[in-house]
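**Student:** Shown below is the structure under consideration.
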Amino acid sequence: QKLVHFDLKGAPPKIKYLLQLLPLFKKLGATGLLMEYEDMFPYTGNISVLARNNSYTAQDIAKIHTTATQLKLTIIPLIQTFGHMEFVLKHDQFTHLNEVSHHKMVICSGCNGSYELIEEMIRQIMTLHPGIDYIHIGGDEVYDLYKHKHTRGKFISKEKLFTTHIMQVSSYINSHWSNVRVIIWDDMLRTWSVDHIANLKDYVIPMVWAYWSNLDEYFPTGMWQRYAKVFREVWIASAFKGAGGSDNDFPPIQQHVGNQESWLKIIASLQDTGMTVTGIALTGWSRYDHFANMVELLPAGITSLALCLGVLEAGEMNHKVVMTATHLLG
């Protein structure tokens, strides 16, 4: 599968423009969407403060679903449930749930009310996404881990804290939507022992992300072997924009094309491990976090996306990939 990532926490496209893009993405070779709504989701009730004033409506989400279904594009919603929860923890109503009071990034697993908040967010996301097969619950860059007095008092280590939190969130999803599989970002697990990673075996599927053009020596030694001992499948994530620097106006296409080619080499090298690569998400970041400055806008990244999808389809960058992208983009 080849997913196109919508990062809606910066310059989110108007719904009319987003819907116009979906047929193009299909023609370019995409098979699905990774929808990271953040504050563009129409949260209601006691968490309505999470939705920005111009968030998408429930009707807008339904239009995305209808159009995607017509085009046979799958949808995987992405909701941060551990780190990168700035858009939640910045609000006075929830600031007491910060792991570190001045960062507003990581939710405190040991604080009363944290799981109730996360579960309500997930419930509302799932209500507007009926029939999905996967949900992505984030879990990347949880830097402020094991710092709050309540988490240090309840857990014996960072690894135990992380696995317990992810397992509890995943268990909530599985108990209410038993057919939905849970994906997490992998970076917190990369240096862990097999024994620590194995705690997550029955709960999640890792999505391994890396955005450099050359990944030959990017990952920790033995990481893939450790993953293969635990997981039957993984997802991977490349980038088509938003990963070349925090002040770019246009994506460095050569870097992103090289990133796809490097991932193709890794996929080929994993064929004998017994671990399946289910799909790849082409990420298109808008900001590095909720408080960061904007990177490239979505329209500026469409050419890069077209070429990256072409490379994944062809197995390499060549003249045909360029000509096909040129034709489809007009």
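The values are calculated or read from the model by the stated rules, or taken from the named source; none is laboratory data. On a predicted model such as this, the values are computed, not experimentally measured, just so you know. Neighbour counts are summed over all protein chains in view; Cβ atoms, including those assigned to glycine, are modelled from backbone coordinates with ideal geometry.
**Student:** May I ask you to verify whether SER304 is over 18 Å from ARG190 (Cβ atoms), at pLDDT below 95 and among the hydroxyl-bearing types (Ser, Thr, Tyr)? Can you show your working first?
**Tutor:** Working: over 18 Å from ARG190 (Cβ atoms): yes; at pLDDT below 95: no; among the hydroxyl-bearing types (Ser, Thr, Tyr): yes.
No: the conditions fail for SER304.
**Student:** With the structure loaded, tell me whether VAL106 is crowded, with 21+ Cβ neighbours inside 10 Å, in contact (Cβ under 8 Å) with a residue 24 or more places away in the chain and more than 16 Å from PHE162 (Cα to Cα) or whether it fails that test. Break it down into steps so the answer makes sense when it comes.
**Tutor:** Details: crowded, with 21+ Cβ neighbours inside 10 Å: yes; in contact (Cβ under 8 Å) with a residue 24 or more places away in the chain: yes; more than 16 Å from PHE162 (Cα to Cα): no.
Taking the combined requirement at face value, the residue does not satisfy it.
**Student:** Is it true that ILE184 is under 22 Å from TYR288 (Cβ atoms), of a type outside the set (D, E, K, R) and buried (at least 17 other Cβ atoms within 10 Å of the Cβ)?
**Tutor:** On the way: under 22 Å from TYR288 (Cβ atoms): yes; of a type outside the set (D, E, K, R): yes; buried (at least 17 other Cβ atoms within 10 Å of the Cβ): yes.
Yes; evaluated as a whole, the condition is true for this residue.
**Student:** Continuing with the same structure: Quick one: which of SER238, SER246, SER213 is closer than 22 Å to LEU298 by Cβ, among the hydroxyl-bearing types (Ser, Thr, Tyr) and touching a residue at least 60 places away in the same chain (Cβ under 8 Å)? Lay out the reasoning, then the answer.
**Tutor:** Details: SER246 fails: touching a residue at least 60 places away in the same chain (Cβ under 8 Å); SER213 fails: touching a residue at least 60 places away in the same chain (Cβ under 8 Å).
Unique residue meeting the criteria: SER238.
**Student:** Please give the number of the condition ILE75 fails out of (1) in a strand (DSSP E or B); (2) more than 24 Å from LYS26 (Cβ to Cβ).
**Tutor:** With (1) in a strand (DSSP E or B); (2) more than 24 Å from LYS26 (Cβ to Cβ) applied to ILE75, the lone miss is (2).
**Student:** Would you mind stating whether GLU119 is acidic (Asp, Glu) and closer than 29 Å to LYS2 by Cα?
**Tutor:** Values: acidic (Asp, Glu): yes; closer than 29 Å to LYS2 by Cα: yes.
Yes.
**Student:** Can you tell me which of ASN293, ASN259 is assigned to a loop (DSSP other than H, G, I, E, B) and among the polar types (S, T, N, Q)?
**Tutor:** Values: ASN259 fails: assigned to a loop (DSSP other than H, G, I, E, B).
Only one candidate passes the filter, namely ASN293.
**Student:** Answer yes if at least one residue in segment 38-52 is under 28 Å from HIS148 (Cα atoms), among the charged types (D, E, K, R) and at pLDDT 95 or above, and no otherwise. If you could, list the steps in order and put the result at the bottom.
**Tutor:** Initial filter on segment 38-52 (under 28 Å from HIS148 (Cα atoms)): 38-39, 43, 46-51.
Those still in the list that are among the charged types (D, E, K, R) too: 38-39.
Next cut, at pLDDT 95 or above only: 38-39.
Yes, segment 38-52 contains a residue that is under 28 Å from HIS148 (Cα atoms), among the charged types (D, E, K, R) and at pLDDT 95 or above.
**Student:** Restricting to segment 262-290, name every residue that is at pLDDT 95 or above, in a loop (DSSP other than H, G, I, E, B) and among the aromatic types (Phe, Trp, Tyr).
**Tutor:** TRP285
**Student:** While we're looking at this one, here's another question. List the residue pairs whose Cβ atoms are under 7 Å apart, where the first residue sits in segment 64-79 and is under 17 Å from TYR134 (Cα atoms), the second is at pLDDT below 95 and not in a loop (DSSP other than H, G, I, E, B), and the two are 6 or more positions apart or on different chains.
**Tutor:** none
**Student:** Right, another one. Is it the case that segment 100-110 has a residue that's more than 24 Å from THR278 (Cβ to Cβ) and of a type in the set (Ser, Thr, Tyr)? Walk me through how you get there before you give the answer.
**Tutor:** Initially, segment 100-110 is screened for residues more than 24 Å from THR278 (Cβ to Cβ), giving 100-110.
From what is left, the residues that are of a type in the set (Ser, Thr, Tyr) are 101, 109.
Yes, the conditions are met somewhere in segment 100-110.
**Student:** State which residue is modelled with the lowest pLDDT when the search covers only segment 228-252 and only residues that are surrounded by 18 or more Cβ atoms within 10 Å (Cβ to Cβ) and not in a strand (DSSP E or B).
**Tutor:** Within segment 228-252, the match that is modelled with the lowest pLDDT is GLY244.
**Student:** Among residues belonging to segment 1-60 that are of a type in the set (Val, Ile, Thr), assigned to a helix (DSSP H, G or I) and in contact with a helix residue (DSSP H, G or I) (Cβ under 8 Å, 6 or more places away or on another chain), point out the one that is surrounded by the fewest Cβ atoms within 10 Å (Cβ to Cβ). Walk me through it before giving the result.
**Tutor:** To start, the set of residues in segment 1-60 that are of a type in the set (Val, Ile, Thr) comprises 4, 15, 31, 44, 47, 49, 57.
Add one more test, that the residue is assigned to a helix (DSSP H, G or I), and what stays is 15, 47, 49.
From the residues that got through so far, the ones that are in contact with a helix residue (DSSP H, G or I) (Cβ under 8 Å, 6 or more places away or on another chain) too are 15, 47.
Numbers: ILE15: 16, ILE47: 18.
Among residues in segment 1-60 that are of a type in the set (Val, Ile, Thr), assigned to a helix (DSSP H, G or I) and in contact with a helix residue (DSSP H, G or I) (Cβ under 8 Å, 6 or more places away or on another chain), the one surrounded by the fewest Cβ atoms within 10 Å (Cβ to Cβ) is ILE15.
**Student:** Can you name the residue in segment 119-168 that is touching a strand residue (DSSP E or B) at 6+ places or on another chain (Cβ under 8 Å) and in a helix (DSSP H, G or I) and is also nearest to ASP187 (Cα to Cα) among such residues?
**Tutor:** ILE166
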